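The values are calculated or read from the model by the stated rules, or taken from the named source; none is laboratory data. Just so we're clear, the structure is a prediction, and the values are computed from it rather than from any experiment. Because the Cβ atoms are built from the backbone with ideal geometry, glycine has one as well, and the counts that use them run over all protein chains shown.
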Amino acid sequence: MTRSYDEINEKIRKGKAVVLTAEEVSEMAKTMTPKEILEKVDVVTTATFGAMCSSGALLNFGHSTPPIRMERIEINGVPVTGGLAAVDTFVGATDCNMQNPTYGGAHIIQDLIDGKELMLEAWGKGTDCYPRKHIKTMISLETINEAILMNPRNAYQNYNVAINSSDNTIYTYMGTLLPHMRNASYSSAGELSPLLNDPECRTIGLGTRIFLAGAVGYVIWNGTQFNCSKPLNSHGVPMGNARTLALMGEMREMSSEFLRGAYFEKYGVSLYVGVGIPIPLLDEDLAARVSIRNNQIDTFIEDYGHNGDIIGKVNYEQLRSGQIEFMDKKIHTAPMSSLYKARRIAAILKEWIGNGSFELSAPVRPMPTGRTLNDLKEIYNQQND
């Protein structure tokens, strides 16, 4: 048995599509075969809500009188990109003012979505066509022209568990890691996570319609550091940080319930992003994929206190229990992502599809296969400088 996007969308339009969350299907899979699930379910909703540093916003301010070619730009004191023509900028989520490192680009994005006014200050050298050299004013989503969330790397397929075997506390994007492996942190929604339910990206590609921070968004490319070379476990799940997605959406339609600026102690600013992706059950293979359970999803344990060495593996059922046993130690585990928010996103997306307001879009370009990563080679070191 197979079905097409057109068949599923027709059922969505008629209000007859059967839509379940990935967790609901994982529960069904305890007593049903993939074939039986395929016969009963049309669409499965997946979701994640976690810190996604490689995110940002493309803004256009409009022209002043007289006009200025903005070459140095600050928003609420945070330096942002000034190299995008006259009055465009890209606000990176991790942009920050070194004098105030707890506030950065992620907070600018959230403040705009929350309807706040922000101070814009910009400088240019002055030209015949852009004579102005300085401007200082207030902006908001109501006054600027474009506000587009544009995230180069989101929704990691899987990610390593962080641990610290050194004698010192260390501060990372995976949170504060205590010495002597006294805690472990992880960041995934496990069996609810989008790319763990479609690990080969059969239904996720350029043009896929998604839930993005409370609005309808789109997959616009494979994400940066997209990696197909990670080893698979016995259930066909890539282990460690593998595939990623580049995403885009209209900020004016978003909600800060699903997009939050954050600060990690002694690391810096990041942006929490909520992503939900529908998986159409086109055939029995996809029905088997979305049946994955937390105890079937493994990831590596990485020692951040010792050169990032891989020192073991663990599954998400063990991580979710709050404690793992590793190297004769009982280690407290804590998530960096929110399962509560992920469940809420999956439920909202399920409701949108169920009431006919959200149809599925087939990818117009598939994700790449065989993609591996290059490491940055150091040619000049301090002795050569």
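Observations, loosely collected:
- In the range 271-283 there is no residue matching the filter, namely being of a type outside the set (Asp, Glu), part of a strand (DSSP E or B), farther than 30 Å from Asp95 by Cβ and free of Cβ contacts under 8 Å to residues at least 12 places away in the same chain.
- Condition check for Ala362: aliphatic (A, V, I, L, M) and assigned to a loop (DSSP other than H, G, I, E, B): yes
- Options Ile135, Ile148, Ile109: the member that is within 30 Å of Glu265 (Cβ to Cβ) and at pLDDT 95 or above: Ile109
- Within the option set Ala242, Ala246, being farther than 30 Å from Asp114 by Cα, in contact (Cβ under 8 Å) with a residue 60 or more places away in the chain and out of contact with any Asp or Glu (no Cβ under 9 Å at 6 or more places or on another chain) holds for one residue only, Ala242.
- Residue count for the range 285-328, restricted to those that are loosely packed, with under 14 Cβ neighbours inside 10 Å, farther than 14 Å from Asn164 by Cβ and among the polar types (S, T, N, Q): 2
A quick yes/no check of all residues on (1) touching a Lys or Arg at 6+ places or on another chain (Cβ under 6 Å); (2) buried (at least 20 other Cβ atoms within 10 Å of the Cβ); (3) of a type outside the set (Ser, Thr, Tyr); (4) not assigned by TED's automatic domain parsing to the domain that holds Glu191:
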residue: Ile37; (1), (2), (3), (4): no, yes, yes, no
residue: Gly50; (1), (2), (3), (4): no, yes, yes, yes
residue: Val78; (1), (2), (3), (4): no, yes, yes, yes
residue: Ala85; (1), (2), (3), (4): no, no, yes, yes
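- Among the residues of the range 29-62, those identified as assigned to a strand (DSSP E or B) and closer than 30 Å to Gly92 by Cα are Thr45, Thr46, Ala47, Thr48, Phe49, Gly50, Ala51, Gly56, Ala57, Leu58, Leu59, Asn60.
- Residue within the range 341-351 that is part of a loop (DSSP other than H, G, I, E, B) and in contact with a helix residue (DSSP H, G or I) (Cβ under 7 Å, 6 or more places away or on another chain) present: no
- Filter result for the condition that a residue is closer than 30 Å to Leu59 by Cβ, touching a residue at least 12 places away in the same chain (Cβ under 8 Å), crowded, with 21+ Cβ neighbours inside 10 Å and among the hydroxyl-bearing types (Ser, Thr, Tyr), over Tyr173, Tyr186, Tyr156: Tyr156
- Within the range 105-130, tally of residues that are polar (S, T, N, Q) and not in a loop (DSSP other than H, G, I, E, B): 1
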